[in-house]
1. Run A:Ala239 past the list (1) modelled with pLDDT of 80 or more; (2) surrounded by fewer than 17 Cβ atoms within 10 Å (Cβ to Cβ) and report the number of the one that doesn't hold.
2. Kindly indicate whether A:Phe65 is out of contact with any Gly (no Cβ under 6 Å at 6 or more places or on another chain) and within 14 Å of chain B (Cβ to nearest Cβ).
3. How many residues, within the range B:139-150, are open to solvent by less than 30 Å² (accessible area, probe 1.4 Å), assigned to a helix (DSSP H, G or I), touching a residue at least 12 places away in the same chain (Cβ under 8 Å) and not acidic (Asp, Glu)?
4. Run A:Asp103 past the list (1) more than 29 Å from the chain's Cα centre (by Cα); (2) of a type outside the set (Phe, Trp, Tyr); (3) outside any helix (DSSP H, G or I); (4) closer than 25 Å to A:Glu187 by Cα and report the number of the one that doesn't hold.
5. What's the number of the condition A:Ala123 fails, among (1) at the interface with chain B (Cβ under 7 Å from one of its Cβ atoms); (2) more than 23 Å from A:Ile30 (Cβ to Cβ); (3) crowded, with 22+ Cβ neighbours inside 10 Å?
6. What are the pairs with Cβ atoms under 6 angstrom where one residue, in the range A:89-105, is more than 7 Å from every other protein chain (Cβ to nearest Cβ) and the other, located anywhere, is surrounded by fewer than 20 Cβ atoms within 10 Å (Cβ to Cβ)? Sequence gap at least six, or different chains.
7. Please go through the range A:294-333 and give me each residue that is without any contact (Cβ under 8 Å) to a residue 40 or more places away in the chain and not hydrophobic (A, V, I, L, M, F, W, C), ordered by number.
8. Tell me, please, whether a residue that is more than 30 Å from B:Lys48 (Cβ to Cβ), among the hydrophobic types (A, V, I, L, M, F, W, C) and open to solvent by 50 Å² or more (accessible area, probe 1.4 Å) can be found in the range A:23-36.
Amino acid sequence: MSEIKIRHLTKRFEAEGHTLTALDDVNLTIGSGSIYGIIGMSGAGKSTLVRSINYLEKPTEGSVFIDDTDLAELSPKELRKKRANIGMIFQGFNLLEQKNVIDNVTLPLKIAGTSKKEAREKARALLRTVGLEDKERAYPSRLSGGQKQRVAIARALATDPQILLCDEATSALDPQTSKSILDLLKEINTRLGITIVVITHQMSVVTEICDRVAIVENGRIVEEGSVDEIFTSPKTDAARELISGKKDSFSPVDRFDTGNVVRIVFSENSAFEPVIANTILKFNTPINILKADTRNVNGQAKGEMLLGLPEDEDLRIAIMEYIKERGLSVTEVKDHA
Amino acid sequence: MLEQKAIIMLLEGIRDTLYMTLVSTLIGYVIGLPMGIVLNLTRPDGLKPNRIIYRILDFICNIIRSVPFLILLILLIPFTRAVVGQSYGSSATIVPLVICAAPYIARVVEASLNEVDAGVIEAAKAMGASNIQIIFRVLLVEAKTSLMAGATITTGILLGYSAMSGTVGGGGLGDIAVRYGYYRWQTDIMIVTVVLLIVIFQIIQNLGSKITAFFDHRKK
C-alpha cells in the first residue's frame, strides 16, 4: 500500500557523443493498492520508467516519490532499504540457477538480515501462496517458465513489499501460463493490497488485470486513464494501435479501409439491444461488419466491432449519431499508415 | 628395473611436485581471487566502475603474463631469496609460481564473473543488496562452477610450470627429469617422470571436471 508519484521525470543516456532521451518529462501518479499498467511498443521507454521507480535508473531530471519520500534524498543505505520494500519480477525470471527454489526465495530475506529459520518459514508460506510447496528443493533448470515466474513472485514478496514492479513478466510465457500468472498477481493485489505496476506491450495484459493504464510512446506518456476509458475511446494513434494490433499484422482496417470504417465498443449492458440490426432496419442501408471481438476488460465483457459504413456522408453521420444515442462508443478509424 | 633409491627419489619427487602445485594454486587464489573480483567490479560496466583501479590491475596482469615463466623464474631469484632464504628447492619455487599464477587466476576469475547473467545482478540490486552482498550471495554463487573449471585448468598449468622450474633446481619431478634425464642420460628415469606427470595431470583434470559437474545445477 504505497503511492508512487513521478514528477517531471527525464532520463537521457549519453552514448558515443549523441544523447538519447529515453524518458521525456513523465508525470504519473500510481494510486496505493491499484494495479497500474504501463504499455508501449518496445523501445518506448517503459523499462527505463519502471526502473526509475526503484532507482535502478537514476533520473537525469525530475523526481520519484514513494509515499512522499523523494528517492533522490535517500542515502545509498536508505535507498537499499527502500528497495527491499519494492519487489520486482522480470521477463527472464532472473533466478539464481545454482540455488534451489527455497534458497532463491530466501535470498532477499538473507540480504535483509533475517535469521535462517525465520527466512525458511516465510519462504515456505510464500511457496504455498504461489502453489509450489512441493518444489522446494528443485533447481530452476527443472522448472517450466510459469513455475519459474511463480518462484520469482514468491521471492519478490519475501520482504513484504508495498509495491510490486512487473517488467514484461508474462511476455515469455504461453497464453494459458500468462493468464495463470496474471490471475495470481490479481489475487495477491486483492489479498495483500500491494500496489502493482505492470509493464507490458500486450493490451491483453492490461485489460486482464489493470485498473488504470498509461501509454508510453517515444519516452512520453501520450495517454493516461482508466482501462475502461482508454479501451472504449482511445484518443491517440498509439493507443488505437495497441488495442487493434500492430500495423504490419493482418488488419481488416488496412485491407478494407475506404475511409468509412468506424470502431464501436459496447459493454455487457448494451449488448441486450440488437443495435446493429436496428440500425440497418432504421436506415434501410447495408452495414458491413469487418471485425467483431469480445474482450475481458477488468472482469467486464467488452465487445468491439469494426463497421464499414455507406459512402454517403450525411447518412454516415446519422448512423454514427444513432449508435451513439444507444450508449455505444463510436470512433472513426483513420488510415494511420 | 629401478633400484630402491631411485623409487624413493621418485616418490619424493611426486610429493614435492604436488606440494608446489597445490600450495602455489592455493596462495595464487588468495591473491588472484580478490584481484579478479576487483577487476570485475571496476570494469566499465561493473558494479563499481573505476577506470584508474581497473587500468592499474589490468596493466599489472598483462605485464606479468607477458613474461615467459622461465624468464620470470630467473628474474625473481633475488626476490625469492629474500622471501624464502634460498633460491632453489620446492619451497623457493612456490614464490615465482605464485607470482606467475596470481594474474592468470585474476583473469580467469574476472572472465567467470563476467559470465554471470546481468539480469540476476539487477534482481539482487532490486532486492536492496549492497555490492558486497551481490559479490558473495550472487556473483560467486552463480559463477561457482565456472570458477571451479578455471581452478582445474590453473592447477594443471601450474603442474607444468612446477616441472619447468626443474631447470633451475626447483625440485620435484621436473627437477629429477632434468638432472637424470638431461644431464646423466638416464632415459628410463626421465620416461618414468614424464609418465608420472601425465598421470598426475589426468587425475587433477578428471577430479576437477567431476567436482565441477557435481556442483553444477544448471543442466541436471
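The values are calculated or read from the model by the stated rules, or taken from the named source; none is laboratory data. Nothing here was measured: the structure is a model prediction, and the numbers come from that model. Positions of Cβ are generated from backbone atoms using ideal geometry, with glycine treated the same way; all protein chains shown enter the neighbour counts. All accessible areas refer to the heavy atoms of the entire protein, side chains included, with ligands and DNA or RNA removed. Shrake-Rupley method; radii C 1.70, N 1.55, O 1.52, S 1.80 Å.
1. (2)
2. Criteria not met by A:Phe65.
3. Looking only at that region, the number is 5.
4. Evaluating A:Asp103 over (1) more than 29 Å from the chain's Cα centre (by Cα); (2) of a type outside the set (Phe, Trp, Tyr); (3) outside any helix (DSSP H, G or I); (4) closer than 25 Å to A:Glu187 by Cα leaves (3) as the failure.
5. Failed condition: (1).
6. Qualifying pairs under 6 Å: A:Gln91/A:Ser171; A:Gln91/A:Ala172; A:Asn100/A:Arg137; A:Val101/A:Lys135; A:Val101/A:Glu136; A:Val101/A:Ala138; A:Ile102/A:Glu136.
7. Passing the criteria: A:Thr294, A:Gly299, A:Gly303, A:Asp312, A:Glu313, A:Asp314, A:Glu321, A:Lys324, A:Glu325.
8. Scanning the range A:23-36 turns up no residue that is more than 30 Å from B:Lys48 (Cβ to Cβ), among the hydrophobic types (A, V, I, L, M, F, W, C) and open to solvent by 50 Å² or more (accessible area, probe 1.4 Å).
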